[in-house]
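Below is one structure, written out as structure tokens, with a few remarks after it.
Throughout, read-outs are computed from the coordinates displayed, never taken from laboratory work. Predicted model, so just to flag it, every value in this text is computed and none were measured. Backbone-built Cβ (ideal geometry, glycine too); neighbour counts: all protein chains shown.
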Amino acid sequence: MKSQVMKYKAVIFDLFGTLVDIYTQESYYSVLSEMISILKAPKDDFIKLWHGTAERRTTGQFKSLEENLEHICKELDVTVTRRQLDLAKWVRFDYVALALTPSPGSLETLSQIKNAGLKIGLVSNCSSAPPVIWPHTSFAPFFDITVFSSVVGLQKPDPRIYRLAYEQLGVNANDCLYVGDGDDEELKGAATTGMHPVLIQSANEKGDTEIRSAKIDDYPCPKITALQQVLNLLK
């Protein structure tokens with residue numbers, strides 16, 4: 001690929017559903033149930049408040065998972081110890097760390113993009129856990145910049161979060177290919193800034209068993225079924 005003239009100067013990726021699998025309903029609620037058991041909180045009320053505070057987690061209004069859990073327990077009038085909070089936190093962190101396992105072929109694809117001389121960025125809507133775990137993943141060496149919503153206080157599809165990414169990469173928006181699975185209307189958001197969005201739609205998607213946003217993107221753009229196919233769009 002080094003001898004090819006590249007259409008773009010950078011590729012910016014979504015994280016969940018693109019580089020790693022999306023949380024499944026079963027695993028997500030299993031971990032949540034374990035956290036609830038540790039905190040000895042009423043299950044249905046806890047889950048309602050957990051979902052109700054999702055945007056505050058994603059935009060960093062809760063600076064840590066412990067702060068979020070303390071808030072929920074206070075709302076439920078549940079007294080918890082520091083040990084309970086720590087145990088519940090690590091159950092969640094272990095789950096997120098495992099979820100950040102690269103999907104098949106993703107590292108090889110990133111390596112080829114890097115070897116072609118392109119810059120690589122990440123824009124992810126996420127809680128406080130992925131930014132802490134990210135430097136210890138096998139992804140980290142390939143990325144020039146990362147923009148996590150919980151760190152910058154913005155979330156997709158806000159155009160400002162994409163702007164942070166391409167400005168930090170030192171390129172123009174129209175020099176960027178944006179690759180995502182369409183959650184949170186991210187493709188439309190990327191296009192709004194001038195980026196070139198690409199939908200990755202895996203042939204092995206689990207459909208109703210996945211935890212997904214209610215705002216699935218139907219923006220008209222090129223579609224691929226495997227991450228390796230990104231390479232074909234760069235030449």
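Rounded to the nearest whole Hz, the Karplus-based 3J(HN,Hα) values (6.51 cos²θ - 1.76 cosθ + 1.60, θ = phi - 60°) of region 121-130 follow the sequence x, 10, 10, 9, 7, 7, 7, 6, 6, x, with x at glycine and proline. Between residue 29 and residue 70, the FRET efficiency from the beta-carbon distance, with R0 = 22 Å, is close to 0.55. For region 132-137, the Karplus equation 6.51 cos²θ - 1.76 cosθ + 1.60, evaluated at θ = phi - 60°, returns couplings of 6, 7, 3, x, 9, 8 Hz by residue, with Gly and Pro reported as x. In summary, the aspartates and glutamates within cross-link reach of residue 89, defined as a Cα separation below 20 angstrom excluding same-chain residues under 8 places away, comprise 26, 34, 44, 45, 55, 66, 67, 70, 75, 77.
Legend: ranking of residues 37, 64 from fewest to most surrounding C-beta atoms inside 10 Å; resulting order 37, 64. Only lysine pairs 8 or more places apart or on separate chains count here, and in region 1-88 those with Cα atoms under 29 Å apart total 8.
Contact order, relative form, for the chain: 28 percent (alpha carbon pairs under 8 Å, 6 or more residues apart, mean separation divided by residue count). For the chain, find the longest principal axis of its Cα atoms and tell me its angle to the long axis of helix 106-115, 0 to 90°, nearest 10. That works out to roughly 40 degrees. Look at (1) 16.8, 50; (2) 18.4, 64; (3) 20.0, 71: the one that is Rg and Dmax of the Cα atoms in Å derived from this structure is (2).
Here's the list of aspartates and glutamates a cross-link from residue 188 could span, going by alpha-carbon distance under 16 Å and ignoring same-chain residues fewer than 8 apart: 14, 158, 217, 218.
For residue 114, the aspartates and glutamates whose Cα falls under 14 Å of its own Cα, not counting residues fewer than eight places away in the same chain, are 144.
Remark: the Cα gyration tensor places region 1-140 in the prolate category, a/c being 1.5 or greater and a/b exceeding b/c.
Would you calculate, for the chain, the mean residue ellipticity at 222 nm contributed by helices, counting each DSSP H stretch of 4 or more residues as -39,500 (n - 2.57) and dividing by all residues, to the nearest 500? One gets -12500 deg cm²/dmol as the mean residue ellipticity at 222 nm.
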